[in-house]
Amino acid sequence: MSLTEARFHGLIDDLQQAVEDIFEDSDLDIDLENSAGVLSVRFENGSQLILSRQEPLRQLWLAARSGGFHFDYDEAGGRWICDASGDSLGELLARVTLEQVGEELEFPEL
């Protein structure tokens, strides 16, 4: 069963808030901007991560220095899963943060 529009937006809103909270609680020097369904994380070194909702596809997209990743929501697991690798969003966020700024962050339950 596909996500309803309301459920999709609720899941993305909650997810983006959780990601913001994790970055804000870290020791990283970052700028966060959340506007029109797009969360941008800008690091001190000039690199950035962009999380955007893709409403027509009911997907979440992550843009990072290493590429773009598309995620579908797995109702059974309650997580966003990369449609190419099968990694959870939390696993990929941890990896790309380490690659881009050399800092290990954990994104539990994402």
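Near the amide H of Val38, under 5 Å away, which other amide H atoms are found, from residues 5 or more places off or on another chain, if H is placed in the peptide plane?
It is none; the list stays empty.
Which FRET efficiency, nearest 0.05, do Glu103 and Asp83 yield, Cβ-Cβ r, R0 41 Å? Don't skip to the answer; put the middle values down first.
Details: r = 27 Å, r/R0 = 0.65.
That pair, Glu103 with Asp83, gives E of 0.95.
Between Trp61 and Ser40, what is the label-to-label distance in nm when each label sits 7 Å out along the Cα-to-Cβ direction?
Placing both labels 7 Å beyond Cα along the Cβ direction yields 1.5 nm.
Rg to Rh ratio, the chain, alpha-carbon atoms and Kirkwood radius?
0.94
What distance in nm separates the two pseudo spin-label positions at Asp13 and Asp74, each 7 Å out from Cα along the beta-carbon direction?
Here the modelled spin labels are 2.6 nm apart.
Give a quick list of trypsin sites (Lys or Arg not before Pro) in the stretch 1-99 that DSSP marks as loop, anything other than H, G, I, E or B, with at most 14 other Cβ atoms within 10 Å.
Values: sites: Arg7, Arg42, Arg53, Arg58, Arg65, Arg79, Arg95; in loops: Arg58, Arg65.
Of the trypsin sites (Lys or Arg not before Pro), the ones in loops of the stretch 1-99 whose Cβ has at most 14 other Cβ atoms within 10 Å are Arg65.
What are the ³J(HN,Hα) values, in whole Hz, obtained from phi via the Karplus relation 6.51 cos²θ - 1.76 cosθ + 1.60 with θ = phi - 60°, for each residue of the stretch 42-50 in sequence order, with x given for Gly and Pro?
In residue order, the calculated couplings are 9, 8, 4, 7, x, 7, 8, 10, 10 Hz.
How high is the relative contact order of the stretch 5-87, in percent, with contacts defined as C-alpha pairs under 8 Å that are six or more residues apart?
In percent, rounded to a whole number, it is 16.
Taking only the alpha-carbon positions of the stretch 10-74 and ignoring solvent, what does the Debye formula give for the base-10 log of I(q)/I(0) at q = 0.13, 0.14, 0.17, 0.22 Å⁻¹?
Log10 I(q)/I(0), no solvent term: -0.35, -0.40, -0.59, -0.96.
Helix 5-25 versus the longest principal axis of the chain: what angle, 0 to 90°, nearest 10, using Cα atoms?
With rounding to tens, the tilt is 20 degrees.
Give the angle, between 0 and 90 degrees and rounded to the nearest 10, that separates the Cα long axis of helix 89-101 from the longest principal axis of the Cα atoms of the chain.
20
Read-outs throughout are calculated quantities, based only on the coordinates presented, and are distinct from any laboratory measurement. Source: prediction; values computed, not measured. Here the Cβ is made from the backbone with ideal geometry for all residues, glycine too, and neighbour counts use every protein chain on show.
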